Amino acid sequence: MKQKLIFTNLVGEAVDGLVAELGNPQIAVVADTNTAQFVLPLLVNDSKAVAGATVITVKSGDVNKNIDTLADLWKKLSAMEATRNTLVINLGGGVVSDMGGFAAATFKRGMRCINIPTTLLAAVDASVGGKTGINFNGLKNQIGAFSEPEAAIISTVFFNTLPQQEILSGYAEMLKHGLLENSEVLGKLLASSPVYPLLDPTRLLPLIEESVLVKSRIVENDITEVGIRKALNLGHTVGHAFESYSYERKSPIPHGYAVAWGLVVELVLSHMLLGFPSDVLHSFAGYVLANYGAHQITCDDYPALIADMRQDKKNLAPDQINFTLLENVGVPRININATPEQIGAALDIYRDLMHIA
Ligand code: GLY
């Protein structure tokens, strides 16, 4: 089944249309403590279906994406006498769609759900592609299922209260999609400023649509990530290492920022190993520096960063570090191994590009 994608700022109308198409089922809206307070009231005004739904509120934040919250969610579905025919509407960021999607995938062996992302990051990433799950045993997304929602309703109407940092975080995933697609899509993104309100929501929605369609075309061909879906990991091997290490150093950086800086390092590796064009690398790095600043690292940090990269889920053997890299914009290559020496050299060049002494 292919997930339906609806891009509109008339969200209430879109929900009611979808619910009617799905036969007007009983509805459970899964929201977190933030979206229940700030977003749900807007939607209740605009959508009959949401106004009549049972609301299940979960605690916000990735720390609560766990088995206890999930069990509570299952209990609340039981209490409302949900059936396989009940429709779950996930209203929130990636934590809500991951956990609500997994609850829907597993309760009574599967119910339908739709995602209404309320952050840019969730709109361009988690709401599409059917990765659902929870953190477990100290590991992120350790338990889960590939289970595509019926649809995602993607809008910019909920973004005007998001901090600028959240917008920049989501925009980094859009930059990744631009790199994976072609020079035209990438060029449009690099010619725009992600900083709200400079990039107004009416201009943002078409860019989001283009970006989500890049992801959706990739996922469509490989839902369970045995092949080309791994291309979506571009920037994430280094990005996750930057992110984990920032937590170890107790000065956390947002996921999207880590991805933006990770993309620069992985484009350097792409240049070194696959001949990725140096002019594109330089203009991309300049854009990241201007909009995200530089993630300060020294060569003393390399061993810890490389140790974190060794933990990456994509590695196929203990002594190999596996990357998705690019031969050119729009030409990804998956399962490329780099040695610690090559990664160290790429981090040196990253520091030069980011003007780090
Ligand atoms: N976030 C990458 C993927 O959905 O495959």
Which order do you get for 313, 131, 176 if you rank them by accessible area with a 1.4 Å probe, largest at the top?
313, 131, 176
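By the scheme Lys and Arg +1, Asp and Glu -1, what is the net charge of all other residues having a beta-carbon under 14 Å from that of residue 186? Let's see the in-between values first.
Working: positive: 176, 188; negative: 173, 181, 184, 210, 279.
Summing Lys and Arg as +1 and Asp and Glu as -1 gives -3.
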Of 4/75; 59/188; 176/313; 2/108; 4/314; 75/215, those spanning more than 26 Å from alpha-carbon to alpha-carbon:
4/75; 59/188; 4/314; 75/215
The stretch 42-174, dipole about Cα centre (Lys/Arg Cβ +1, Asp/Glu Cβ -1), debye to the nearest 20
440
With the convex hull built on the alpha-carbon atoms of the stretch 1-74, volume per residue in Å³ sits at 127
Taking a straight Cα-to-Cα line shorter than 20 Å from residue 131, and setting aside same-chain aspartates and glutamates fewer than 8 residues away, one finds 32, 62, 68, 98, 148, 150, 173, 209, 220, 222, 225, 312
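Please arrange 183, 47 by accessible surface area, largest first, computed with a 1.4 Å probe and ligands excluded.
Most to least solvent-accessible, the answer reads 183, 47.
Would you mind getting me the FRET efficiency between residue 71 and residue 165? Use the beta-carbon distance for r and R0 = 35 Å, nearest 0.05. Could the numbers behind the result be given before it?
Numbers: r = 32 Å, r/R0 = 0.91.
For residue 71 and residue 165, the calculated efficiency is 0.65.
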Percent antiparallel among DSSP beta bridges with both residues in the chain, to the nearest 5?
35
Considering every Cα-Cα pair within the stretch 280-319, what fraction, in whole percent, is farther apart than 11 Å?
72
Once all protein chains are kept in place, residue 282 shows an accessible area at probe 1.4 Å, nearest 10 Å², of 110
Positive-end extreme of charge dipole, the chain - chosen from 297, 271, 47 (charges on Cβ):
47
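Taking the Cα centre of the chain as origin, sum charge times position over the Cβ atoms of Lys and Arg (+1) and Asp and Glu (-1), and report the length of that vector in debye to the nearest 20.
On the way: 27 positive and 36 negative charges, 183 e Å.
The calculation lands at about 880 debye.
Roughly speaking, what % of Cα-Cα pairs in the chain are separated by over 27 Å, rounded to a whole number? Walk me through the numbers on the way to the answer.
Values: 28983 of 63546 pairs.
That tail contains 46 percent of the Cα-Cα pairs.
With viscosity set to 0.692 mPa s and temperature to 37 °C, compute the Stokes-Einstein D of the stretch 74-161, Rh being the Kirkwood radius across alpha carbon pairs; µm²/s, no decimals.
Details: Rh = 13.1 Å.
After rounding, the answer is 251 µm²/s.
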Using amide H atoms built 1.01 Å from N in the peptide plane, name the residues 5+ places from residue 338, or on other chains, whose amide H lies under 5 Å from its own.
321, 323
Percent relative contact order of the chain, based on C-alpha pairs within less than 8 angstrom and at least six residues apart?
14
Of 334, 154, which has the most accessible area and how do the rest follow, probe 1.4 Å?
334, 154
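May I ask you to work out the translational diffusion coefficient for the stretch 215-305 at 4 °C, viscosity 1.567 mPa s, via Stokes-Einstein with Rh from the Kirkwood sum over Cα pairs, reported in whole µm²/s? Intermediate results must be reported in sequence, preceding the final value.
Values: Rh = 14.3 Å.
The estimated diffusion coefficient comes to 91 µm²/s.
The values are calculated or read from the model by the stated rules, or taken from the named source; none is laboratory data. None of the values given here were measured: they were computed from a predicted structure. Cβ coordinates were reconstructed from backbone atoms using ideal geometry, including for glycine residues, and neighbour counts include every protein chain displayed. Side chains are part of the model used for accessible areas, which takes the heavy atoms of the whole protein and leaves out ligands, DNA and RNA. Shrake-Rupley method; radii C 1.70, N 1.55, O 1.52, S 1.80 Å.
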